[in-house]
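For reference, the structure is listed below as structure tokens.
All of the numbers you see were taken from the coordinates with simple rules; none came from a lab. On a predicted model such as this, the values are computed, not experimentally measured, just so you know. Methodologically, a virtual Cβ is constructed for each residue, glycine included, from the backbone with ideal geometry; neighbour enumeration extends over all protein chains shown.
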Amino acid sequence: MKRILIVGSGDVALRALPWLTRRFRVYALVRQPEAYAALRAGGAIPLRGDLDDRRSLSRLAGLADAVLHFAPPPSSGPGDPRTQHLLAALGSRKSLPQGLVYISTTGVYGDCGGAYVDETRPCRAQTARGQRRVDAERRLRRFCRRTGVRVALLRAPGIYAADRLPLERLRRGDPVLVADEDVHTNHIHAEDLARIACLALFRAPAGRAYNVSDDSGLKMGDYFDAVADAFALPRPPRLARTEIAACLSPLTLSFMSESRRLDNRRLKRELRVRLRYPTIAHGLRAALSA
């Protein structure tokens with residue numbers, strides 16, 4: 001491999017650039033020119049294109065030996081036309097990429113009632129957001145079978161980092177659920193996710209899915225308590241589910257409607273990953289010392 005294409009040039013992409021640009025020529029698909037400077041500073045070559053406009057993607061055909069697909073689906077609609085447009089562009093010539101890594105979400109599993117979940121569990125997404133991710137995964141698996149491109153699916157939970165902590169929410173005093181009604185939640189540090197995506201390009205078998213989670217195993221309220229304690233902020237108030245709906249947005253409430261605990265053994269075994277931030281406590285210590 002000599003050329004890598006990044007699609008979805010946000011925070012995780014920028015964190016992947018130092019590792020990638022030391023080894024490859026890296027292109028980054030960008031919709032807004034305002035993002036060019038940060039990408040160039042990181043060593044990438046920006047390419048103007050819009051996943052919502054299939055015609056703007058014609059230059060992607062045959063461009064790269066591997067693709068990191070970090071772009072989310074649209075915020076509405078039943079499926080993911082962005083992934084559909086990307087795959088159509090990549091598959092329009094005989095010169096196909098060797099590998100493609102997609103960052104999906106653990107929301108594809110739906111509510112699991114707090115059970116431990118590995119990658120063999122059927123996808124039963126219950127939110128429109130999760131259903132769009134299921135659609136993207138299905139398109140990518142079909143592309144893998146049809147073309148032979150080695151596709152890996154990284155199912156990521158809540159992504160955090162020093163600059164991605166819920167400090168403003170804590171300062172506002174937004175509530176969380178009482179302990180006996182709280183949901184199990186899962187996390188991954190953005191630096192670990194970026195590194196895992198790079199490793200998956202070379203180590204993941206075709207069509208394989210991975211739960212990309214750390215080892216924390218916290219309930220949602222415990223996570224907010226840990227962040228509050230680390231930054232000397234008040235812990236959030238606890239409310240019953242019947243009371244909390246009046247205080248939070250529908251999007252925030254949707255994250256409180258699903259509970260699962262991720263099994264990350266396949267990630268460690270097959271991709272030979274050693275997490276830099278194996279727990280939230282490790283990540284918070286790093287954030288405080290940054």
What number, rounded to the nearest 500 deg cm²/dmol, is the helix-based mean residue ellipticity at 222 nm of the chain, given -39500 (n - 2.57) per DSSP H run of at least four residues and division by all its residues? -10500 deg cm²/dmol
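Could you tell me the ratio Rg/Rh of segment 66-185? Both radii from Cα atoms, Rh via Kirkwood. Write down the numbers at each step before the final one.
Values: Rg = 17.2 Å, Rh = 16.4 Å.
Ratio of gyration radius to Kirkwood radius: 1.05.
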For the chain, list the DSSP H helices whose alpha carbon atoms reach 27 Å or more along the long axis and whose average Kyte-Doolittle value is 1.0 or above? none
Contact order normalised by length for segment 168-248, with contacts defined as Cα pairs under 8 Å and 6 or more residues apart; what percent is it? 55
Looking at the chain only, what percent of DSSP beta bridges run antiparallel? Nearest 5 please. 5
Of the listed values (1) 0.97; (2) 0.99; (3) 1.07, grab the one calculated as Rg/Rh (Cα atoms, Kirkwood Rh) from the structure here. (1)
C-alpha center-to-center spacing [segment 139-154, segment 1-47] in angstrom: 22
I want to check the label-to-label distance for residue 25 and residue 55. Put each point 7 Å from Cα in the C-beta direction and report it in nm to one decimal. 2.8
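Is segment 11-98 rounded, prolate or oblate when judged by the Cα gyration tensor, a ≥ b ≥ c being the square roots of its eigenvalues, rounded requiring a/c under 1.5 and prolate requiring a/b larger than b/c? Display every interim value, and only then the final one.
Numbers: a/c = 1.80, a/b = 1.28, b/c = 1.41.
Taking the square roots of the gyration eigenvalues as a ≥ b ≥ c, segment 11-98 is oblate.
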Would you mind ranking 142, 82, 22, 235 so that the residue whose beta carbon has the fewest other beta carbons within 10 Å leads the list? 22, 142, 235, 82
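Quick check: residue separation of residue 276 and residue 45 times 0.36 nm, minus the Cα distance between them. What number comes out in nm? Walk me through the intermediate numbers first.
Details: separation 231, 0.36 × 231 = 83.16 nm, distance 2.81 nm.
Full extension of this stretch gives 80.4 nm more.
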Between residue 115 and residue 240, what length comes free when the chain is fully extended (0.36 nm per residue of separation minus the Cα-Cα distance, one decimal in nm)? 42.9 nm
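Is segment 223-290 rounded, prolate or oblate when judged by the Cα gyration tensor, a ≥ b ≥ c being the square roots of its eigenvalues, rounded requiring a/c under 1.5 and prolate requiring a/b larger than b/c?
Details: a/c = 3.39, a/b = 1.41, b/c = 2.40.
It is oblate, given that a/c is not under 1.5 and a/b is not larger than b/c.
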Which one of 179, 143, 125 is farthest out on the positive end of the charge dipole of segment 77-201, using unit charges on Cβ (Lys, Arg +1; Asp, Glu -1) and the Cα centre as origin? 143
Near residue 221, within a Cβ-to-Cβ distance under 10 Å, what is the net charge of the other residues, with Lys and Arg +1 and Asp and Glu -1? -1
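How high is the FRET efficiency from residue 145 to residue 179, r the C-beta distance, R0 41 Å, rounded to 0.05?
On the way: r = 45 Å, r/R0 = 1.10.
Computed FRET efficiency for residue 145 and residue 179 comes out at 0.35.
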How much length, in nm to one decimal, is gained on full extension between residue 88 and residue 253, taken as 0.36 nm per residue of separation minus their Cα-Cα distance? 55.9 nm
Filtered hits (aspartates and glutamates, Cα-Cα < 14 Å from residue 268, offset >= 8 within chain) -> 118, 119, 192, 214, 215
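Would you list 189, 184 from fewest to most Cβ contacts within 10 Å?
Details: 189 25, 184 20.
Taking fewest neighbouring Cβ atoms as first place, the list is 184, 189.
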